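Asker: Starting off with a structure, shown below.
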Amino acid sequence: MSKTGEFRRDTKYLDGRFTADGREGWPVEAQRYRLVVARGCPWANRTMIVRRLLGLEGALSLGICGPTHDWRSWTFDLDPGEKDPVLGIHWLREAYEKAVPDYDRGVTVPAIVDIPSGAVVTADFRHITLDLESEWRAYQRPGAPDLYPDALRGEIEEVGDLVYKDVNNGVYRCGFATTQHAYDDAYRALFARLDWLEERLTTRRYLVGDTITEADIRLWPTLARFDAVYHGHFKCNRNKLTEMPALWAYARDLFQTPGFGDTIDFVQTKQHYYLVHKNLNPSGIVPAGPDLSGWLTRHHREELGGRPFGDGTPPGPPPEQERVPASHTAH
């Protein structure tokens, strides 16, 4: 937090990078690494989406932490014996300390762990998806879409920077502000950017170009959590997502696209925010709503044209062990 009550995200992550040929950083190798996520976390959600869209399930295994944590670490309390079956650890912190002895910063997800050493390679969500899209091409499925096309990278980053500042991080700046002035500034910036996105998406199906790109993957996890968490818990309450016609239709379009809606667990998402943030919700009560059935209603976005996967194809269903229970999502 700043002295004026503004939330400031610590972005000093463990930041190892991958290269396809091992020329620097960490070499890309199938089944050597494990992507550790939590379904409640929007930053982890984007890595789950990219992994699904690119069909990397066979090359990069997935470890899923439980929805809650304390100051020490995320934990694998959903697994038998409360230990990750591959890494053999209960606390994700153990993998951070294998990388940096006496590690004293925040333990975050997503994180990619080197299985042989048990050490975290990277926890930098900003670069994990880019590396999966570029350096992991040899292990992508046939028909994998190009989520970061060369010709659109400049625009993707331009739009992505605005979305990160005002929306992805903006909801946290609202929720964790400790002064009225800091909250008011964050609130104004958030809804000004959502209005900008509403206008942009009224005439185009996707944020950049006519296919799904990294830009959409960065925005969608925040939209998916907006009404369930951010509207009330973070005081982002000018209006709900369902009251913004273009954004709500856009969010539903992606939810109904394989690789998006099948990665989000609304129950764990609410548990994460409402149980972990005791300063904002001291009672620990997790709200029952909102009604999720609207996520499956017609969106009519196909009328704007566009091809979701470009020259590629949709991914197949998620592996059985990674499927979100029907009671935890729209059905």
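Asker: If I go through segment 229-243 residue by residue, how many of them are under 16 Å from residue 295 (Cα atoms) and crowded, with 22+ Cβ neighbours inside 10 Å?
Answerer: Qualifying residue count, segment 229-243: 2.
Asker: Before we move on, is residue 206 closer than 27 Å to residue 50 by Cβ, open to solvent by less than 10 Å² (accessible area, probe 1.4 Å), assigned to a helix (DSSP H, G or I) and modelled with pLDDT of 95 or more?
Answerer: no
Asker: Any residue at all in segment 291-310 that's open to solvent by less than 10 Å² (accessible area, probe 1.4 Å), assigned to a loop (DSSP other than H, G, I, E, B), modelled with pLDDT of 95 or more and in contact with a Pro (Cβ under 7 Å, 6 or more places away or on another chain)?
Answerer: no
Asker: Going by what's in this entry, would residue 200 be described as open to solvent by 10 Å² or more (accessible area, probe 1.4 Å), in a helix (DSSP H, G or I), closer than 25 Å to residue 40 by Cβ and of a type outside the set (Gly, Ala, Ser)?
Answerer: no
Asker: Let me ask something else about it. If you check 101, 67, which single one turns out to be crowded, with 18+ Cβ neighbours inside 10 Å and outside any helix (DSSP H, G or I)?
Answerer: Answer to the selection: 67.
Asker: What pairs come out if I take residues in segment 285-314 that are farther than 20 Å from residue 242 by Cβ and pair them with residues that are open to solvent by 60 Å² or more (accessible area, probe 1.4 Å) and among the acidic types (Asp, Glu) whose C-beta lies under 6 Å away, six or more apart or interchain?
Answerer: 306/210
Asker: Among 37, 50, which is in a strand (DSSP E or B) and open to solvent by less than 20 Å² (accessible area, probe 1.4 Å)?
Answerer: Every option except 37 fails the conditions.
Asker: Within segment 53-64, restricting attention to residues that are open to solvent by 10 Å² or more (accessible area, probe 1.4 Å) and assigned to a loop (DSSP other than H, G, I, E, B), which residue is farthest from residue 261 (Cα to Cα)?
Answerer: So the residue we want is 58.
Asker: While we're looking at this one, here's another question. Scanning for something in contact with a helix residue (DSSP H, G or I) (Cβ under 7 Å, 6 or more places away or on another chain) and assigned to a loop (DSSP other than H, G, I, E, B), does segment 78-85 turn up at least one residue?
Answerer: Taking every residue of segment 78-85 in turn, none turns out to be in contact with a helix residue (DSSP H, G or I) (Cβ under 7 Å, 6 or more places away or on another chain) and assigned to a loop (DSSP other than H, G, I, E, B).
Asker: When both residues are 6+ apart or on different chains and their Cβ atoms are under 7 Å apart, which pairs have a first residue that lies in segment 176-188 and is within 15 Å of residue 232 (Cα to Cα), and a second that is of a type in the set (Asp, Glu) and surrounded by 13 or more Cβ atoms within 10 Å (Cβ to Cβ)?
Answerer: From residues that are within 15 Å of residue 232 (Cα to Cα), the pairs are 177/6.
Asker: Just need a number here: residues in segment 226-285 that are outside any helix (DSSP H, G or I) and closer than 22 Å to residue 327 by Cα.
Answerer: Result for segment 226-285: 9.
Rundown of residues vs (1) closer than 18 Å to residue 30 by Cα; (2) within 15 Å of the chain's Cα centre (by Cα); (3) open to solvent by less than 10 Å² (accessible area, probe 1.4 Å); (4) at pLDDT below 95, yes/no style:
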| position | (1), (2), (3), (4) |
| --- | --- |
| 80 | no, no, no, no |
| 114 | yes, no, yes, no |
| 126 | no, yes, no, yes |
| 138 | yes, no, no, no |
| 149 | no, no, no, no |
| 160 | no, yes, yes, no |
| 167 | no, yes, yes, no |
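Asker: Test each condition in (1) closer than 26 Å to residue 313 by Cα; (2) part of a loop (DSSP other than H, G, I, E, B); (3) touching a residue at least 24 places away in the same chain (Cβ under 8 Å) for residue 108 and report the one that comes out false.
Answerer: Going through (1) closer than 26 Å to residue 313 by Cα; (2) part of a loop (DSSP other than H, G, I, E, B); (3) touching a residue at least 24 places away in the same chain (Cβ under 8 Å) one by one, residue 108 breaks only (1).
Asker: Further question on the same structure: Working only within segment 221-252, note down all residues that are in contact with a Lys or Arg (Cβ under 8 Å, 6 or more places away or on another chain) and in contact (Cβ under 8 Å) with a residue 60 or more places away in the chain.
Answerer: 221, 227, 228
Asker: Moving on to the next point. Has segment 249-264 got any residue that is buried (at least 22 other Cβ atoms within 10 Å of the Cβ) and polar (S, T, N, Q)?
Answerer: Among the residues of segment 249-264, at least one is buried (at least 22 other Cβ atoms within 10 Å of the Cβ) and polar (S, T, N, Q), which makes the answer yes.
The values are calculated or read from the model by the stated rules, or taken from the named source; none is laboratory data. Since this is a predicted model, take the numbers as computed values, not measurements. Please note: Cβ atoms are built from the backbone with ideal geometry, for glycine as well, and neighbour counts cover all protein chains shown. Only protein heavy atoms, including side chains, enter the accessible area calculation; ligands, DNA and RNA are left aside. Shrake-Rupley method; radii C 1.70, N 1.55, O 1.52, S 1.80 Å.
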